[in-house]
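What follows is a single structure, written as structure tokens, with notes after it.
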Amino acid sequence: MLDIAIKAAKEGGQIALSYFKHIPKVTYKPDSSPVTKADIEAEKAIRQIVLDKFPDHGFIGEELENTNPKAKYQWVVDPIDGTKSFVRGIKDWGTLLAVLEDGKPIIGIYNSPATNEIFTCQREKGTFLNGKKTHVSKVRDLQKSFIVHSSINHFIASNNVNNVVTIAKMSQGKRGASDCNGLNMVLKGQADVNISGHGSIWDYAAPAILVEEAGGKFTDFNGRFSLASDTGIFSNGLVHKQVLNILNK
């Protein structure tokens, strides 16, 4: 499954990259989020590769209809995480793919074809960047940390903006990071925590296991490991409790 996951993420990413060089027409979903032909075509290719090899597995994608929802194994895919960056010609986007076994991630892939980076992991075997093991940071004090966060609009909507501002003020460095860009920084140890105020299972499944296999921690704002929650904290594990405590004030 890991070999097929890597193959599918790479092929889907290459399709997206071909469109990235000539930005396609953008349309908008009911929630006002953008979608392009690249999103659709990349997900179709990934889905075909996966289901040709594992026809009895389930498939959960952001753009197309889900299949076989009661299967033991579910493939969860976001063909272009960061479409808003993608359509602006910004390289901060990637293809996310996870395999769930009975609802828990066992494989995670984050392919960033625009930067020639691919993160891969398998449960209990670590996370690798282009074949070399990568690890989260070792910063223990939130006041010495570098944090990244999703759109402020997300935190306004959930009445959490004041707490996020408190965390930002406490930290040594901070920046807004779109979609998988924040994940990239945490996996490399460049940032110590990525706070996401809004996301779906395809946004969280692969990042969750990638961060944990890199030595970090993932939970929602309530401290639970949940792919169904709208919120997510991806951290080095060492500052996780400090962030949770502030978010829940």
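Where in segment 160-194 does the amide nitrogen come within less than 14 Å of the point 7 Å from the Cα of ASN130, taken along Cα to Cβ?
Residues 188 qualify, since their backbone N sits under 14 Å from the label point.
From the alpha carbon gyration tensor of segment 52-174, can you work out the equivalent ellipsoid semi-axes (sqrt of 5 times each eigenvalue) and give them in Å, largest to smallest?
The answer is 30, 19, 17 Å, longest axis first.
In nm, what is the difference between 0.36 nm times the number of residues separating LYS72 and HIS22 and their Cα-Cα distance?
14.1 nm
Average projected area of the Cα convex hull of segment 64-134, in nm²?
5.6
When the accessible area of the chain is computed with all protein chains present and a 1.4 Å probe, what percentage of it is carbon and sulfur?
Percent of accessible area from carbon and sulfur atoms in the chain: 48.
How about segment 38-83: which trypsin sites (Lys or Arg not before Pro) there lie in a loop by DSSP and see at most 10 other Cβ atoms within 10 Å?
LYS70
Once each part is reduced to its C-alpha centroid, what is the distance from segment 20-53 to segment 198-237 in angstrom?
Answer, in whole Å: 24.
Hey, what's the Cα Rg ratio for segment 143-249 versus the globular rule of thumb, 2.2 N^0.38 Å?
Relative to the 2.2 N^0.38 Å estimate, segment 143-249 comes out at 0.92.
Using only the Cα atoms of the chain, what do you get for the radius of gyration and for Dmax, in Å?
17.0, 50
I'd like to know how segment 101-149 sits against the 2.2 N^0.38 Å rule of thumb: what's its Cα Rg over that expected value?
1.44
For the pair LYS44 and LYS104, what calculated FRET efficiency results from E = 1/(1 + (r/R0)^6), where r is the Cβ-Cβ distance and R0 = 41 Å, to the nearest 0.05?
For LYS104 and LYS44, the calculated efficiency is 0.95.
What angle do you read, to the nearest 10 degrees and between 0 and 90, between the alpha-carbon axis of helix 2-20 and the longest principal axis of the chain?
90
What does the extension gain come out to for THR166 and ASN245, with contour length at 0.36 nm per residue minus their alpha carbon separation?
Fully extending the segment from THR166 to ASN245 adds 27.3 nm.
What is the spread of the Cα atoms of segment 54-100 along each of their three principal axes, largest first, in whole Å?
Principal-axis extents of the Cα atoms in segment 54-100, largest first: 37, 17, 13 Å.
Mind checking the per residue accessible area of the chain for me, 1.4 Å probe, whole number of Å²?
Value returned for the chain: 46 Å² of accessible area per residue.
Run the quick spin-label model on SER32 and PHE225: label points 7 Å from Cα toward the beta carbon, then report their separation in nm to one decimal.
3.6
Order the peptides 88-94, 198-204 from the highest to the lowest mean number of other Cβ atoms within 10 Å of their residues.
198-204, 88-94
P(r) tail for segment 1-62, what percent of Cα pairs lie past 20 Å?
It works out to 33 percent of all Cα pairs.
Please list log₁₀ I(q)/I(0) at q = 0.16, 0.18 Å⁻¹ for segment 23-117, using the Debye equation with identical point scatterers on the alpha-carbon positions.
-0.68, -0.84
Given the Cα-Cα distance of ARG175 and ALA157 and 0.36 nm per residue of separation, how much length would full extension add, in nm?
Net length gain for the segment: 4.5 nm.
Given the rule -39500 (n - 2.57) for each run of at least 4 DSSP H residues, summed and divided by the residues of the chain, what is its mean residue ellipticity at 222 nm, to the nearest 500 deg cm²/dmol?
-10000 deg cm²/dmol
The values are calculated or read from the model by the stated rules, or taken from the named source; none is laboratory data. These numbers come from a predicted model, not from an experiment. Every residue, glycine among them, receives a Cβ derived from its backbone with ideal geometry; neighbour counts consider all protein chains shown. Note: accessible area is taken over every heavy atom of the protein model, side chains too, but ligands, DNA and RNA are not part of it. Shrake-Rupley method; radii C 1.70, N 1.55, O 1.52, S 1.80 Å.
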